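Notes follow once the structure below has been shown.
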Amino acid sequence: MSGEAATFFIFLGLAIVGIIWGIAQSSAEKEHKANLEAERREAVRRKYQGSPYFDDVLSGLIRQGMTGDMVIDSWGRPDAVDRKVYKTKIREVWKYGPGPRRSYANKVTFENGIVVGWENR
């Protein structure tokens, strides 16, 4: 076997090993993500079973009347929070995801810890 042929087979072998390694890594990552999602779903089930918001939290939706914990369990922690304290209420706007021109894609408005509205861009 010539030197060129040997080099080709070594390169081919390394390429095959690389492909197999990539497939194995991808499969392991998918399994890990699936396990994390199953754990999240079980935690949400235990925490909110019997709540009218149970299906919404599991599905990643928000609704008026939800608490901050429910929104965190549905959408995750906000990227930024604006808070204003008035005489009779506390208003917070939770901001999620990058939006156009240094703004945020999604905003959730709370009054006294309860969702009163949201904005999706």
Check: Is it the case that Ser74 is farther than 18 Å from Val108 by Cβ and either in the same structural domain as Tyr104 (by TED's automatic domain parsing) or of a type in the set (Ser, Thr, Tyr) (or both)?
Finding: no
Notebook entry, point to check: Within the set of pairs 6 or more residues apart or between chains, which connect a residue that is more than 16 Å from Ile72 (Cα to Cα) inside region 37-53 to a residue that is at pLDDT 90 or above and of a type outside the set (Lys, Arg) with Cβ atoms less than 9 Å apart?
Noted result: Pro52/Gly65
Next item on the list: Take Gly97 and decide whether it is free of Cβ contacts under 8 Å to residues at least 60 places away in the same chain and farther than 23 Å from Gly50 by Cβ.
Entry: yes
Check: Do we find that Arg83 is over 22 Å from Arg40 (Cα atoms), assigned to a strand (DSSP E or B) and of a type in the set (D, E, K, R) in this structure?
Finding: yes
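Considering only residues that are of a type in the set (Lys, Arg) and within 18 Å of Val71 (Cβ to Cβ), look in region 85-121 and name the one that is surrounded by the fewest Cβ atoms within 10 Å (Cβ to Cβ).
This residue is Arg121.
Looking at this structure, is Lys33 out of contact with any Asp or Glu (no Cβ under 6 Å at 6 or more places or on another chain), without any contact (Cβ under 8 Å) to a residue 40 or more places away in the chain, surrounded by 10 or more Cβ atoms within 10 Å (Cβ to Cβ) and more than 19 Å from Gly117 (Cβ to Cβ)?
Taking the combined requirement at face value, the residue satisfies it.
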Next item on the list: Working carefully through the options Ser26, Ser51, find the one that is outside any helix (DSSP H, G or I) and more than 16 Å from the chain's Cα centre (by Cα).
Entry: Ser51
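On the given criteria, is Lys95 of a type outside the set (Val, Ile, Thr) and either in contact with a Gly (Cβ under 7 Å, 6 or more places away or on another chain) or not in a strand (DSSP E or B) (or both)?
no
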Margin query: Every residue in region 57-66 that is within 16 Å of Trp94 (Cβ to Cβ) and either without any contact (Cβ under 8 Å) to a residue 40 or more places away in the chain or aromatic (Phe, Trp, Tyr) (or both), please.
Written below: Val57, Gly60, Leu61
Notebook entry, point to check: What number of residues in region 59-80 are surrounded by fewer than 20 Cβ atoms within 10 Å (Cβ to Cβ), over 12 Å from the mean Cα position of the chain (by Cα) and not in a loop (DSSP other than H, G, I, E, B)?
Noted result: 4
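The values are calculated or read from the model by the stated rules, or taken from the named source; none is laboratory data. Keep in mind that this is a model prediction, so the values were computed, not measured. Note: ideal-geometry Cβ built from the backbone for every residue, glycine included; neighbour counts use all protein chains shown.
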